[in-house]
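Working notes, beginning with the structure itself.
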Amino acid sequence: MKFRFKKIISWLARIILKLFLGFIFLSIFIVLILKWVNPSVSSVMIQRKVNAVINLRDKQMIAHEWFSYDNISKQMPLAIIAAEDQNFPFHFGFDFDQIEKAIEQNNRGRKLRGASTITQQVAKNLFLWEGRSFFRKGLEAYFTLLIEVLWSKERTIEVYMNIVETGDMIFGVGTASHIYFKKLPNKLTRSQAALLSAVIPNPKRFSVRNPSRYILRRQDWIIGQMSSLGGIAYLKNL
């Protein structure tokens, strides 16, 4: 009986090891391929469509069109970096200074602030499901490291700009530019890029078409940060 039990345990261990190694090789392959191939869909897009079907809105289509980095106004990546991750060109996927500040703020009982980098958000939005479990955060960290190792910073911000949620069933700053401003994304002004960036953290709650006072204040703050970073010359660090 003991011998049979040991054989079962050994068999299960081999299966688990094969599955683990298979996941590692497959994930590396996928991330490497996406260094050159533009993803046509993301995990968040799939989740939004599934939710639409569940809520009997299955006819509502996802609005998404890919635009290359060179076909998007440089004001846009600058605004996103200024708003969300000013150390993006220099960190390796994790901004430990911001993480420490977030922990300190939380310990003081203040509203919990986010500390996710742009790379982490790409990892989460492209590959994972929404949630706050330790398992999901572990996978997010793993994919974040893969992206940092295999992609350039420019590729990372390009993918982010094309998969980020910018409204109800609206994804990508290029699509948002067409819907909200009736123009191609290479024509976005500094003010428009800052407005889009101000809404990105919660596009379901906030609106580009009807910005609240909070969003307008945040837009002004982002414009100020864009200037403080030195304007689009800052993007040379990517």
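Observations on the structure shown:
- The GluC sites (Glu not before Pro) of segment 109-195 that DSSP puts in a loop, and whose beta carbon has at most 14 other beta carbons within 10 Å, are 130.
- Taking trypsin sites (Lys or Arg not before Pro) in DSSP loop states with no more than 16 other Cβ atoms inside 10 Å as exposed sites, the chain has its longest site-free stretch at 133-181.
- Neighbourhood charge, 14 Å Cβ-Cβ cut-off, centred on residue 193 and excluding it, Lys, Arg +1 and Asp, Glu -1: +3
- Across the cross-link table entries 59/153; 59/187; 124/183; 49/182; 153/187; 49/187, which are compared at the Cα atoms, the separations over 27 Å belong to 59/153; 59/187; 124/183; 49/187.
- Distance histogram in 5 Å bins (all Cα pairs of the chain, percent per bin): 1, 6, 12, 16, 18, 16, 12, 7, 4, 3, 2, 1, 1, 1, 0
- Between 82, 52, 198, the GNM of the chain built on Cα springs shorter than 10 angstrom shows 52 fluctuating the most.
Read-outs: derived from the displayed coordinates by stated rules, not from any lab. Quick caveat: nothing in here was measured; it's all calculated off a predicted structure. Note that each Cβ is placed from the backbone with ideal geometry, even for glycine, and that neighbours are counted across all protein chains shown.
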